[in-house]
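The values are calculated or read from the model by the stated rules, or taken from the named source; none is laboratory data. Predicted model, so just to flag it, every value in this text is computed and none were measured. Virtual Cβ from ideal backbone geometry, glycine too; neighbours counted across all protein chains shown. Surface accessibility is based on the protein's heavy atoms, side chains included, excluding ligands, DNA and RNA. Shrake-Rupley method; radii C 1.70, N 1.55, O 1.52, S 1.80 Å.
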4 protein chains.
Amino acid sequence: MAGSIFGKLFRVTTWGESHGKGLGVVIDGCPAGLPLSEEDIQLYLNRRKPGQSVFSTPRKEDDAVEILSGVFEGRTTGTPISMVVFNKTQRSQDYSEIASYYRPGHADFTFDEKYGFRDYRGGGRSSGRETIGRVAAGAVAAKLLKSLGVELLTYTKSIGPYEINYETFNREEIFRNSLYMPDAAAAEKAGEFIMQKRKEHDSVGGMAECIVTGMPTGIGEPVFDKLNANLAKAIVSIGAVKGFEMGDGMAVAKAIGSVNNDAFRMKDGRPEKVTNHSGGTLGGMSDGSPIILRAAFKPTPSILSEQQTVNKSGEDITVSIKGRHDPIIVPRAVVVVEAMVALTIADAILENMTARLDKIVEFYKN
Amino acid sequence: MAGSIFGKLFRVTTWGESHGKGLGVVIDGCPAGLPLSEEDIQLYLNRRKPGQSVFSTPRKEDDAVEILSGVFEGRTTGTPISMVVFNKTQRSQDYSEIASYYRPGHADFTFDEKYGFRDYRGGGRSSGRETIGRVAAGAVAAKLLKSLGVELLTYTKSIGPYEINYETFNREEIFRNSLYMPDAAAAEKAGEFIMQKRKEHDSVGGMAECIVTGMPTGIGEPVFDKLNANLAKAIVSIGAVKGFEMGDGMAVAKAIGSVNNDAFRMKDGRPEKVTNHSGGTLGGMSDGSPIILRAAFKPTPSILSEQQTVNKSGEDITVSIKGRHDPIIVPRAVVVVEAMVALTIADAILENMTARLDKIVEFYKN
Amino acid sequence: MAGSIFGKLFRVTTWGESHGKGLGVVIDGCPAGLPLSEEDIQLYLNRRKPGQSVFSTPRKEDDAVEILSGVFEGRTTGTPISMVVFNKTQRSQDYSEIASYYRPGHADFTFDEKYGFRDYRGGGRSSGRETIGRVAAGAVAAKLLKSLGVELLTYTKSIGPYEINYETFNREEIFRNSLYMPDAAAAEKAGEFIMQKRKEHDSVGGMAECIVTGMPTGIGEPVFDKLNANLAKAIVSIGAVKGFEMGDGMAVAKAIGSVNNDAFRMKDGRPEKVTNHSGGTLGGMSDGSPIILRAAFKPTPSILSEQQTVNKSGEDITVSIKGRHDPIIVPRAVVVVEAMVALTIADAILENMTARLDKIVEFYKN
Amino acid sequence: MAGSIFGKLFRVTTWGESHGKGLGVVIDGCPAGLPLSEEDIQLYLNRRKPGQSVFSTPRKEDDAVEILSGVFEGRTTGTPISMVVFNKTQRSQDYSEIASYYRPGHADFTFDEKYGFRDYRGGGRSSGRETIGRVAAGAVAAKLLKSLGVELLTYTKSIGPYEINYETFNREEIFRNSLYMPDAAAAEKAGEFIMQKRKEHDSVGGMAECIVTGMPTGIGEPVFDKLNANLAKAIVSIGAVKGFEMGDGMAVAKAIGSVNNDAFRMKDGRPEKVTNHSGGTLGGMSDGSPIILRAAFKPTPSILSEQQTVNKSGEDITVSIKGRHDPIIVPRAVVVVEAMVALTIADAILENMTARLDKIVEFYKN
């Protein structure tokens, strides 16, 4: 499993299983001098904790982060930042049944195929808890970005058929409702929808959206390491994401050029796009307008409804997944999307420093 | 521009500008022993050449590939494979006007912002010709995959409002119409739509789809290097792609779990998915069903219609982009999508060989 | 500090400071199915602990390793293996003086130049304790190699002017004397030499040697990633190493071709080198003979003798480094050399699996 | 052969075989705005051409470089720089005999073991001509470094027993004698020695040395990516190098700390090392003093003397390697050493820009 390292200069390595001793992350390449405390991280981690609302699982988790290295007298030193969340309760016995068959929509089958066996306790490495390391690292990246004037806003755009109304978009509302929707009315309807589906022993999908403002221009590398390409990888690497869009996204397939192109006009002595169909990049580099992206999350695969599957003995069976599972993934995943975006942009901003000789010469003169 | 290298084990480095001396690619990490000729590559490159139909630009390009290294007596040797397509005609004078302003929907502005200046001739590095290196390398990857039983099928799924009908899906039809659509009726209507929009000095968007069959299970690495995540990066790195989907894609946001989950049943002694909403991966690893992905391409940004933009002197101006431009990107991009998918999967298949100790021990025993 | 990740497929990320909460490592890419226990790691870590002999510092350290992830029911699962050694005692007050000046031969000055400040407690990240993560990961790599028949033997070759006698080379003796020398007589003289230099408030240098047997042929990649090149990086990345040799090493500069070339003869139906001046590689790939390499370690820079240096206020000062410091680095570094060699070779052995198409086809047929 | 890519930000990919169509390199990550012409590259390539003196092979090679991309109006654009040297003469027939057996000291055997077969013409990829790509890229890196005030001086330090005298070190002399020695007297004696050994159908080894001045402090990353570690890899990746040293090198093994440590004193308001036993780095980062390193090259393995080896049919045979071979590798390799050092340092200088938040904030303010 050589897939747990992300990034080129701001590199994160995550580790840990749902029911192992803990989960964590090491950041290698965080610049020195960033004020950083465990509270900075905890605020992010709290956004992914369950039990925050009636819509998420009542499991009691206490994900307290510890910084083990890389911070001295309140600032990052430039050395690797190791962070860990120890698992408090490891009830392996709950999962003995799961070990014997392949849950539909889960990675049980593919893990067995690839590695020959798996840590089946709570999903092991493919559990949603895997994102703890991502979020902890993303909190550091977001703080780094903030010091450069780059800010991220992430929220639930839709749940099932219920979508936010952009005309009444309310930024403050995001943290007021447990679905992280910037629209109280949509959140209420979505909430009822979730409750109804849960009663039907089913689950629902939804969409998250992230907007990044304050971006310098020219961030991202043309060709393969386009900012949008790296964002696509970052977002689709989150479990349950099946679609990714920038700007107008899939809709561009039905658009015409005269409408889809964003005109430029001078504003305050700088070229500025009049519209933002592109979602903030041109040719893979940031164009000065906000980065806008969306991720489509599938419904929670663990449902109480009966499902057909096979067991490890090669028999067709019918199962019903018990346990405390959220009927919707999106709200808790909003902060994971934000974390992955922060990691990707922080990395690109560092790499961009090496693009021009005149700026390099100036850098080393000082 | 440190973004022109793709892959981890099967690594490709592309180079070249639209109006420079040529364009090419070096593959480092292609296994030894693959039969390979220039004709193998040329067949792929021909699929991206213009002038194939009334819908694409009448520019005359003769993209003849030369293999400069890495092949000996008809087989790859394991050493880097360098391939080049020399540019035949370099009419830089055509582009002198473009140098002075920023074309809407193009990378002119962001290139200048990042690097301080740009090779403006024909779009330089951000021209569609940049994909020559991708396609040449993709042809090698596809041949490698074929020797492992993995096959790729790529085509135009929709153009503007016209979409293929899966009930009359005709594989042979793909290469019969110049739009690469597996549906003659849809192709005809789409063709008329393109002609109409061209008359209106406009352009249209569309969607490409790729299906990969014969995949071994377990390909892809969990967490960040999920097969779907790497495919997302690969596809979104293609210029003009604004959206990416696997399986049911964006639609999962409105789905419910009991439908979205793919049930397993035993078939010929192996677990097999009954449906394929997931698009061929579970937990980031191939699950034995076909890989299915889609890319949404924006309309060609170069249009004859008047557009508002700014010039390098900081003045608001109105422009009309002359020149011979396709009114639709998708058909010529179909092979680019196939190439990027082939590169991504070949790389993942190589990396997967190191996943299990028992197989490694067996490998070295032989 | 983006320099704490090593390897391409078997990738390790180390973290931790001398006086922080702990030190550790995450391995991403260890194959699944390797039996692994904390005892396997501890045996390696014990070889780098001080207090083992009169020649090493009497500091009491208890470096007990914990495996936090990646192992399930006694075997590696293929997921990242996170290992940590918590620091028991953190006496930061001991180091307050060091914070004010730059110790000769240490990284104090360069850390301040690069990062603007440093964690000065016990040398922070540039302490010898940094190697804990290397050794823990190396223990896993060594166990992986053992399952493939590859074995490592590492020892002290010389201390000051005292060198081992190869004619009386005694493998068992290595672990009998505290200097890890395979020659009891040389160890005794070297021990006396160290005692004498310590009395003079001075320190001494020495050389470590590593021999790897059971290597498959063809391991290592031609050109930049030659096995010897990657070994050179691995070894020179160990603090205090100033020279690296393979086979005849520096002496080849004075050799003649007719002697330096290793002749081949058939043996048991296979070509075999008659001599091993090359040290086990030809053209960067293993040639079937033992890998032989050496590392020259400088004397411990921390000495009680008076030295001239400058302080952070920009004044010339004279210092005497107090504290409990080994007068010789080599014996404790022997296991670090072994760890780095194991990591490098394990990585190369994994990458080599992708070199030939016929073997790949066979791999996926099974 | 996934080993032909070098570097992290300034990344070079080399390709080409001795008797293929040509050899070349692609640089991905060279900053935009560097004035660059083919002449800049040619001057470097000329230093590795044979036929420059009586001591090197009389083969006539005309290695004329072409820049195919990445340069526009005389300056690098930030896009990949592709450079090629086409082979003029491809006399494959000369090498038919070599195909049948394994030359001692060459990579014939290991290539066959790894890949199953090899391009045997002139050594294929393991020929000395492989370094063409390194040198072409190194010329670009050296020009980049020069614009930052960093200069490289590389020369032959010794040939067989004849070593330069540092007291009469003459920088201008390096390019006056065909052995690239900064000491006319040593060069004369070394020349006679080479002539004598050639008459005896033998070859000789030697040592190259490189000094880098004008280094900023703090370049290099602690732990694995130490500047010295990356230099070690760079140098040992050159064919025929068997030993690598920084500063006092192997001699530190016999040194004592009170002598080996470099004292600091204030000079012109900055701390400066009084001596330079360390060779320019402390803790893996540049310390402001010159970088000093050495490489030991083995004697040319191709000799006319009879040697024992085996053929591909598994028979013991005796061979005598005919053809025009230099009896000494070092002089032509001097520029290869310089190229690899330039590549390594350029890369490290770019990466170092991301080390400190305050400098990053300042960079993006401008």
A correct Kirkwood calculation over the Cα atoms of the protein assembly as shown returns a hydrodynamic radius in Å of 32.6 Å
Once accessible area is computed for A alone, D alone and the pair with a 1.4 Å probe, the total buried surface, to the nearest 100 Å², works out to 2600 Å²
Computed for segment C:268-333: size of charge dipole around the Cα centre, +1 on C-beta of each Lys and Arg, -1 on C-beta of each Asp and Glu, debye to nearest 20, value 160 debye
D:Lys88 and D:Glu73 label points (each 7 Å along its Cα→Cβ direction) are spaced in nm at 3.5 nm
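May I ask you to list the trypsin sites (Lys or Arg not before Pro) in segment D:271-366 that are in a DSSP loop and have at most 11 other Cβ atoms within 10 Å of their Cβ?
D:Lys322
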For segment A:241-306, the dipole about the Cα centre with charges only on Cβ (Lys and Arg +1, Asp and Glu -1), to the nearest 20 debye, works out at 60 debye
Expressed as a percent, the accessible surface of chain C that is carbon or sulfur, using a 1.4 Å probe and the full set of protein chains, is 49 percent
Taking a label point 7 Å from the Cα of C:Phe169 along Cα-to-Cβ, the residues of segment C:252-286 whose backbone nitrogen sits under 14 Å from it are C:275-280
Expressed per residue, the solvent accessible area of segment D:180-296 in Å² (1.4 Å probe) is about 29 Å²
If labels are modelled 7 Å from Cα along the Cβ direction, D:Gly149 lies from its partners in the other copies at nm distances, smallest first, of 2.9, 5.8, 6.4
Shortest first and in nm, the label-point separations between C:Arg270 and its counterparts in the other identical copies (7 Å out along Cα→Cβ) come to 3.5, 5.5, 6.5
Mean projected area, convex hull of alpha-carbon positions in segment B:141-255, reported to one decimal in nm², is 9.4 nm²
P(r) over all Cα-Cα pairs of chain A, 20 Å bins from 0 to the longest distance, whole percent per bin, short to long, reads 27, 57, 16, 1
Taking a crude spin-label model, label points 7 Å out from Cα along the C-beta direction, the A:Ser37 to C:Glu200 distance in nm is 5.3 nm
Mean separation of Cα contacts under 8 Å (at least 6 apart) over the residue count of segment C:224-343, i.e. the relative contact order in percent, is 26 percent
Percent relative contact order for segment C:269-331, counting Cα pairs under 8 Å at least six residues apart, stands at 24 percent
To the nearest 20 debye, the protein assembly as shown has a Cα-centred charge dipole, built from +1 on Lys and Arg Cβ and -1 on Asp and Glu Cβ, of 0 debye
Sorted by chain and then number, the residues having a modelled amide H within less than 5 Å of the amide H of D:Val310, at least 5 places away or on another chain, are C:Phe264, D:Tyr102, D:Ile317
Within segment A:208-252, the residues whose backbone N lies under 15 Å from a label point placed 7 Å from the Cα of A:Val259 along the Cα-to-Cβ direction are A:248-252
Taking a label point 7 Å from the Cα of D:Thr213 along Cα-to-Cβ, the residues of segment A:327-366 whose backbone nitrogen sits under 20 Å from it are A:365
Sorted shortest first, the nm distances from the C:Asn311 label point (7 Å along Cα→Cβ) to its counterparts in the other copies are 6.5, 7.6, 7.8
